[in-house]
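The values are calculated or read from the model by the stated rules, or taken from the named source; none is laboratory data. Computed from a predicted model, the values in this text were never measured in an experiment. Neighbour counts are summed over all protein chains in view; Cβ atoms, including those assigned to glycine, are modelled from backbone coordinates with ideal geometry. Please note that ligands, DNA and RNA were not included when accessible areas were found on the heavy atoms of the full protein model with its side chains. Shrake-Rupley method; radii C 1.70, N 1.55, O 1.52, S 1.80 Å.
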Amino acid sequence: MSQRSTGMGLINWHAIVAIYRFEMARTWRTPMQSILSPVISTSLYFVVFGAAIGSRMQSIDGVPYGAFIVPGLIMLSLLTQSIANASFAIYFPKFTGTIYELLSAPVAWWEAVAAYVGAAATKSIILGLIILATATLFVPLRIEHPVFMLLFLVLTATTFSLFGFIIGIWADGFEKLQVVPLLIVTPLAFLGGSFYSIEMLPPFWRVVTLFNPVVYLISGFRWSFYGVADVGVAVSLGMTMVFLAACIGAVAWIFRTGYRLKN
Amino acid sequence: MTAIISVSNLSKTYASGFKALKSIDLEIRRGEIFALLGPNGAGKTTLISIICGLVNPSSGTVLADGHDISRDYRAARSAIGLVPQELTTDAFETVWSTVSFSRGLFGKARNPAHIEQVLRDLSLWDKRDTEIRRLSGGMKRRVLIAKALSHEPRILFLDEPTAGVDVELRQDMWRMVRKLREDGVTIILTTHYIEEAEEMADRVGVISKGEIILVEEKSELMRKLGRKQLTLALQEQLSAIPEALAAFDLSLAANGSELIYSYDTKAERTGITALLQALAEAGIRFRDLQTSQSSLEDIFVSLVRSRS
């Protein structure tokens, strides 16, 4: 490979930076949609579940209900926003046709994925931290394992941005772009223990719930806050890694075969 | 001259079973302007798309600037700029940011001076801070060209560059193409405006039904295949071609007031002298005469027709 002659080296950093900046610029152009609307909807959850209903709820595992739901709410936004950001980022160039430029550029698939997924994940991590900051206005919070908290934040944002990227490539219309988040991810997230401990479920449903991958994310994330978890933190981390690896494998397959990108 | 693009044995069959390219061989010379002519659906865009990395070939190889387009795609693609047929641009980006983005995408370090030069050459400098969606169609076309030139490619593909473009932009574009060639850039354009190929190209390739049926120096092509017509405006109308002239390829036009003689410029003798003598002997006098050469369009139409 005589790639050195292009002055590019083994990694096309300029391309990664260009795509990343392009995607981040898109966010700041629409701050209402990108930042404000998720913050407002999360604040509504706090008002309804935290203040209004939460005041009549028992604390769970020694954590007041209002504080208990904070990690779940952050995860909920993280999942939906990661998917929305990444799926739109790759779907829209396909829709308008501007993807021709990416396909004709000297960019390896993993560089494109790193840039698009990196930008989508960055946005949702920033959003997660904003929601966390918003939450401190409503409920007293403590974070026992801040490093793990950040680790779960980054891993989950990355994994679901990858998942969104796959949806964006698979979708050939706006409906398909919406259908997976709406019909699969949102139910899984709501049933993944955002608002309750799975210990509160009848034994049968507790077992069913263990097939929901979101349970592991929320449980691990909540453990990093309060040191209590529905499933072991090692299991949570392991499951997150498995899902991440599956998404990377799927993206690699898509680009190697040109699936839905090239004829 | 050496080849900057070598296409060998290239075939493409789409999933639908449609054979868009049938074992194509083609060499583009370094520094030339090459026009690829062909009717719609002939395979022009498929060929360009494969070379630029938008479509996977079914078989065959392509070397661009000495690099295999699939094994060594980074080096190959770095050398190539593509201006697509459709006006596919971002909407909310400014001209400056979208052109700078393209340069980064192709692995080049920032160079505001170069971007400025490209925008000035394309009369886009005043619009550099304008959002693309606020530009006219012609301006968007200029933006696409600026994006393709942002990373200083050695090979430039223009896919139907002047489709739906006004006269001013067309002239600007050809001025720019000539300047690029002076700088050593190789230019490949597809068109069905044949006068463009005729005006601009050094060589012409004709593609039809997925096969390259002809590649020729433009001047050679016109010389070899060009038929000329000699039109004689007669002083007196003729009702039929006289017996004495039956040996010549003649036809009557304009109610018998014009006599048209078709001849082959590549033939050793055009027969003009003999015809004029025969006319004088037959007592046919004429007021005026003119010759016209068949255009590339006529050549092209007859080539494609003879194949079908």
Next on the checklist: Averaged across orientations, what area in nm² does the convex hull of the alpha carbons in chain B project?
Outcome noted: 20.4 nm²
Checklist entry - Where is the GNM fluctuation largest for chain A (alpha-carbon springs, 10 angstrom cutoff): A:135, A:51, A:67? => result A:51
Checklist outcome for this item: Taking every DSSP bridge whose two residues both lie in the protein assembly as shown, the antiparallel percent to the nearest 5 is 70 percent
Checklist entry - What is the extension gain from residue B:257 to residue B:289, computed as 0.36 nm multiplied by their sequence separation minus the C-alpha to C-alpha distance, in nm to one decimal? => result 10.3 nm
Next on the checklist: I'd like the accessible area for residue B:63, computed on protein heavy atoms only with a 1.4 Å probe and all protein chains in place. Round to 10 Å², please.
Outcome noted: 70 Å²
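Pull up the DSSP beta bridges for the stretch B:3-222 and report the antiparallel fraction as a percent, rounded to 5.
That works out to approximately 55 percent antiparallel.
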Checklist outcome for this item: Out of A:154, A:179, A:214, a Gaussian network model of chain A with alpha-carbon springs under 10 Å gives the largest mean-square fluctuation to A:179
Checklist entry - Can you work out ³J(HN,Hα) from phi for every residue in the stretch A:209-221, in order, using Karplus 6.51 cos²θ - 1.76 cosθ + 1.60 and θ = phi - 60°, giving whole Hz and x for Gly and Pro? => result 4, 5, 7, 8, x, 5, 3, 5, 5, 5, 4, x, 5
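In square angstrom, what is the accessible area per residue of the stretch A:38-130 with a 1.4 angstrom probe?
Numbers: 3090 Å² over 93 residues.
Result: 33 Å² of accessible area for each residue.
Tell me the carbon and sulfur percent of the accessible area for the protein assembly as shown, rounded to whole percent, probe radius 1.4 Å.
Working: 15100 of 26290 Å².
On the protein assembly as shown, the fraction of accessible area on carbon and sulfur atoms equals 57 percent.
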Checklist outcome for this item: Magnitude of the Cβ-charge dipole (Lys and Arg +1, Asp and Glu -1) of the protein assembly as shown about the Cα centre, nearest 20 debye, reported as 1320 debye
Checklist entry - residue B:36's amide H: which non-local residues (gap 5+, or another chain) put their own amide H closer than 5 Å, with H modeled 1.01 Å from N in plane and none for Pro or chain starts? => result B:189, B:190, B:191, B:205
Item to check | Extension reserve of the residue B:264-residue B:125 stretch, reckoned as 0.36 nm per residue once the Cα distance is removed | outcome: 45.0 nm
Next on the checklist: Please list, ordered by chain and number, the residues whose modelled amide H lies under 5 Å from the amide H of residue B:29; skip anything fewer than 5 residues away on the same chain.
Outcome noted: B:4
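Might you tell me the accessible area per residue for the stretch B:227-293, computed with a 1.4 Å probe and given in Å²? Provide the component values of the computation, followed by the final result.
Numbers: 4400 Å² over 67 residues.
On a per-residue basis, 66 Å².
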Item to check | Convex hull of chain A built on C-alpha atoms - directionally averaged projected area, nm² | outcome: 15.4 nm²
Item to check | List of the stretch B:104-141 residues, accessible area with partners at least 50 Å² below that of the chain alone (1.4 Å probe) | outcome: B:105, B:106, B:107
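With a 1.4 Å probe, how much accessible area is buried between chains A and B, both sides summed, in Å² to the nearest hundred?
On the way: alone 13310 and 15920 Å², together 26290 Å².
Using a 1.4 Å probe on protein heavy atoms, the buried area is about 2900 Å².
Leaving out ligands and nucleic acids, note down the accessible area per residue over the stretch B:30-119 with a 1.4 angstrom probe, in whole Å².
Values: 3010 Å² over 90 residues.
In whole numbers, the stretch B:30-119 has 33 Å² accessible per residue.
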Checklist entry - Where the centre of each part is set by its Cα atoms, how far does the stretch B:198-271 sit from the stretch B:137-180, in angstrom? => result 34 Å
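Quick one: if the Förster radius is 41 Å, what FRET efficiency do residue B:19 and residue A:190 give, using the C-beta to C-beta distance and rounding to 0.05? Don't jump to the answer; show the numbers that get you there.
Values: r = 51 Å, r/R0 = 1.24.
It comes to 0.20.
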Item to check | Helix-only CD estimate at 222 nm, as mean residue ellipticity for the protein assembly as shown, using -39500 (n - 2.57) per DSSP H run (n ≥ 4) | outcome: -15500 deg cm²/dmol
Item to check | Most mobile listed residue (A:96, A:158, A:209) in chain A, GNM with C-alpha springs under 10 Å | outcome: A:96
Checklist entry - Amide H neighbours of residue B:214 under 5 Å, counting only residues 5+ apart in sequence or on other chains, H built in-plane at 1.01 Å? => result B:206
Next on the checklist: In the stretch B:43-70, what residues drop by 40 Å² or more of accessible area when the other protein chains are put back, versus the chain on its own? Use 1.4 Å, and skip ligands and nucleic acids.
Outcome noted: B:54, B:56
